[in-house]
1. Working only within the range 19-29, note down all residues that are among the β-branched types (Val, Ile, Thr) and under 18 Å from ALA40 (Cβ atoms).
2. What is the number of the single condition among (1) of a type outside the set (Val, Ile, Thr); (2) part of a helix (DSSP H, G or I); (3) loosely packed, with under 10 Cβ neighbours inside 10 Å that ALA23 does not meet?
3. Return a yes/no flag: does the range 37-46 have any residue that is more than 16 Å from ARG1 (Cβ to Cβ) and either in contact with an Asp or Glu (Cβ under 7 Å, 6 or more places away or on another chain) or loosely packed, with under 10 Cβ neighbours inside 10 Å (or both).
4. Answer with yes or no whether LEU38 is in contact with a Lys or Arg (Cβ under 8 Å, 6 or more places away or on another chain) and outside any loop (DSSP other than H, G, I, E, B).
5. Do we find a residue being free of Cβ contacts under 8 Å to residues at least 60 places away in the same chain and either part of a helix (DSSP H, G or I) or in contact with a Ser or Thr (Cβ under 9 Å, 6 or more places away or on another chain) (or both) anywhere in the range 26-34?
6. Select, from ALA16, ALA12, ALA6, the only residue that is over 9 Å from the mean Cα position of the chain (by Cα), surrounded by 12 or more Cβ atoms within 10 Å (Cβ to Cβ) and assigned to a helix (DSSP H, G or I).
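No lab work stands behind these numbers, since they all come straight from the coordinates. All values reported here derive from a predicted model rather than from experimental measurement. Note that each Cβ is placed from the backbone with ideal geometry, even for glycine, and that neighbours are counted across all protein chains shown.
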Amino acid sequence: REFIAANQFSIADITALVTVDFARVLKLQPTEENHPHLCAWRERMKQRPSAKA
């Protein structure tokens, strides 16, 4: 899946991205080895213009 809860970018993706990024601050980093789909999704979300702001 490209997005978390729908066929397009939604509030679910925004909420999940904030949660995953906050977890990284707490040193709870998902790894490519353990969570490849989550890591791929995060990279796609980070490429969005709104995430770069």
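1. THR19, VAL20
2. (3)
3. No, every residue in the range 37-46 fails to be more than 16 Å from ARG1 (Cβ to Cβ) and either in contact with an Asp or Glu (Cβ under 7 Å, 6 or more places away or on another chain) or loosely packed, with under 10 Cβ neighbours inside 10 Å (or both).
4. So LEU38 does not fit the description; no.
5. The answer is no, given that none of the residues of the range 26-34 is free of Cβ contacts under 8 Å to residues at least 60 places away in the same chain and either part of a helix (DSSP H, G or I) or in contact with a Ser or Thr (Cβ under 9 Å, 6 or more places away or on another chain) (or both).
6. Just one listed residue meets the conditions, ALA12.
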